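Read through the structure below, which is laid out as structure tokens, and then see the notes.
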Amino acid sequence: MQNHGDSAAAELEHAVLLQPATLAAIWAQVGELHDLCDKDKRALRLVCKRMCNLGDAAVSKVNTRAGELHGALTRWRGVKDLQFRLMGPNDALLLLELSCASLPRLRDLTIYQGSQSPAAWSLPALRPAPAANLRRLICNHCFGLQSIKSAVDFTRLRELNISDCENVTHLPAQLPATLLNLRAKNCSGISDLGPLRACPLLGTLDVAGSGITDLGPLRACTLLKELDVSRTRVTDLSPLQALSGTDSSPPQLPLPQLLSLDRMPRSAQRVLTALMTAAVVAAVLPRVAPAAEWTTACDAWARHSLSKGIQASLAHWQEGGISEEHYATTLRDHGAGTSRVAVPGVGVLLAGGQAYLTTNLSKAHFRDYHMGMITAHLILLQDLASTLGDDLPHAEFVFGTGDAPAVRLADVPSGQPVPGPVLRFCTSDYHADVPVPYIHFQMRGFGAAMLAHADDLNRRWPWGEKQDVAFGRFTTYARKLEVGQAGLARRGARGSEHHARERAPRHTPRKRALPRPVQICAPVGKRGLACNARAHFMAWAASQAANGSAAAAAGGAALDVASRPKVSMHDHASYRYLVHLDGQSCSSRLEQLLVMGSVVLKEESGYRAFYHHLLAPYGHYLPFWVEQPEDILDALGWAQANSEQAQRIASRAQALAREVLTGEALACYWRNLVAGISRVLGFVPSVEHARARAGGFVQPVAEWLASEPGVKWTQHYKLDSMELPSAMHLPLTHGTPT
């Protein structure tokens, strides 16, 4: 192991041990860490490429080298944030003990996704110095973790997170009085909150999906501000009286500002109502909006410019409408079981406040990924129907989960009606697919995961402190289109149709020559094209960075566009410029980038999503690749020379996302789209009509969701935590949407 000065090692504040194959990889990386510290005093990451639990042999090997690792950790005394990812519980426990005993400045410790091997972990007894400094301990997705016996030695611990540790059976027996946040989401074995009696300062408690039945210990947590007991068996809410004074007097203690009880028995909410005054209930449990309030809210959204996109997307049928025969043909040609489309759609009927399947999913064949999204769509549609009731008009349509639009206008014979309506998350001028919000908004909790953090991201990375880099991370999906769709095809660097990697000069060594060029768009089948736009752009950007031409042409801004190392989405906000490249069609990453408070450089691919008509070039983003990828250098050069205007573009983009991508806006978009579809249908959809068609099939969505495959896919993709209208509290927007 190399010996470098302590001053270099002391600069390291963050280290990550990421998915190693043997523990020996640690020793090989120690020298690289010190080299990295010498080259860059602000080095943030140590990455051990492969490591996993190899059983007793691996543990024995670690024990034989423990002294060496202890010495290495001692020299990393400046580390404040240490993460162990994808390793076995025994390995993680040993490293945990060593790191906590050796790192006096350690404050944040994360252990993520241990192996399946069960193990009871006991947090070690620590020397006073490190024990006093550790503030945050996270053990997420550690499937082998059974218990944390005690955390009392961490006298300053403020946050403990053991979410998704499915085998944990109880909270630590002793918790420090300093604990402010405790998260034990989806820990179904935890049933007792007793240890929280020792935590009077607790402000956040998330035990959603746990086995909790009794809230009695919360009487001691008088400063509780956020509580989530959704998907638990809690029915007695009387302990919450201790948080809010008596029925006859105003609350004297801070009230919980958020109490999430979605999907709990309605009787529990009635108990809470009986216990507290109306003022207290309003503060503790915002009232779930009834259908009438949704009608008012969605009528306001119907006048918003967001809804103008609905009228445009239904323009093909505004005059002639859609007859029942024509829709039956659409269902046959684009629905699963009878369609030749690569990823067929699923027929849905909305009638009488209920959602029905008109495609027999038991006879359809989809990949697991698509079954997850289909199930999520059905959950959303059933929730919309039950929440809005009769306010949701009768309608029929096909929705698809394929990555690319499939209703090709070029295939429609002259004078014949356009197939429809077929709903997908992406469309183009060459297609008649009707764009809808990507189901990932609800599946991945866009509101809680992204929008709720916008202010925090702005405070953490203000404009002046962002890195002067155009940053992007992408997978290398090929974009599939057809011959004749000129607006979707891509040209490479210098306007070529080939992969434009720079050639090394002839006098350079042969081994440094770059790979041979390949076509950006290659023929697939009779009329298809597969365009490797992302791979081409990343190779071009790498060549520009290598010869230094990018920074010179971009006003000094660097280009960092690649497939790895991966960076968390929130950390994207540390870069001033964020590059967006569409994937197989529209990429859902764009809406995430808009929240970051950075300037988005958006590829003009020709694809569009449901809200893209609101995005103005140079108003909400900087366009590039209108003709060729070099356009990005001009955009960066302009942004560097006009920093204040660029900052305003970033602010407008974030403000737009926070306005039109909220849960309320998305739910009302669906409602207003269904209303628009209902108006262009030339018939009144009904269960009887759907069954009477040739090969007609009707099944209540609720029935399918309760069936074995419905439960399977709901559990597999954890869809019981989707952001749904039924759990929303209006108004979610500030004022009337305009």
Item checked: Local electrostatic count at Leu581 - Lys and Arg +1, Asp and Glu -1, tallied over other residues with Cβ under 12 Å -> +3
Checklist line | Å² of accessible area per residue within segment 319-459, as computed with a 1.4 Å probe and no ligands counted | finding: 38
Notebook entry, point to check: How are the Cα pair distances of segment 527-605 distributed, in percent, across 10 Å bins from 0?
Noted result: 16, 47, 32, 5, 0
Next item on the list: Evaluate the distance, in nm, between pseudo-label points positioned 7 Å from the Cα of Arg367 and of Asp571 along their respective Cα→Cβ axes.
Entry: 2.7
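Could you rank the peptides 358-367, 340-349 by their average count of other C-beta atoms within 10 Å per residue, with the highest value first?
340-349, 358-367
Can you classify segment 384-488 as rounded, prolate or oblate using the Cα gyration tensor, where a ≥ b ≥ c are the square roots of its eigenvalues, rounded means a/c under 1.5, and otherwise it's prolate if a/b beats b/c and oblate if not? Please report the intermediate quantities before stating the final value.
Values: a/c = 3.30, a/b = 1.40, b/c = 2.36.
Judged from the Cα gyration tensor, segment 384-488 comes out oblate (a/c at least 1.5, b/c at or above a/b).
With all protein chains present, how much of the accessible area of segment 646-713 (probe radius 1.4 Å) comes from carbon and sulfur, to the nearest whole percent?
54
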Next item on the list: Please sort 455-461, 413-419, 374-380 by packing, taking for each peptide the average over its residues of neighbouring beta carbons within 10 angstrom, highest first.
Entry: 374-380, 455-461, 413-419
Check: On the accessible surface of segment 304-422, probed at 1.4 Å, how many percent belong to carbon and sulfur atoms?
Finding: 47
Margin query: Starting from 0.36 nm per residue, how many nanometres of slack lie between Gln416 and Arg648 once their C-alpha separation is accounted for?
Written below: 78.8 nm
Checklist line | Formal net charge of residues neighbouring Ala609 (Cβ-Cβ distance under 12 Å; K, R +1; D, E -1) | finding: +1
Next item on the list: Whole number in Å², please: accessible area per residue of segment 571-724, 1.4 Å probe, ligands, DNA and RNA not counted.
Entry: 36
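Mind checking the per residue accessible area of segment 174-223 for me, 1.4 Å probe, whole number of Å²?
Using a 1.4 Å probe on heavy atoms only, each residue of segment 174-223 averages 34 Å².
Roughly how many percent of the accessible protein surface of segment 537-614 is carbon and sulfur, given a 1.4 Å probe and a whole-percent answer?
That fraction is 50 percent.
The values are calculated or read from the model by the stated rules, or taken from the named source; none is laboratory data. Because the structure is predicted, anything quoted here is derived from the model rather than measured. Quick reminder, even Gly has a Cβ in these numbers, built from the backbone with ideal geometry, and neighbours come from all protein chains shown. Ligands, DNA and RNA are excluded from the accessible area calculation, which covers all protein heavy atoms including side chains. Shrake-Rupley method; radii C 1.70, N 1.55, O 1.52, S 1.80 Å.
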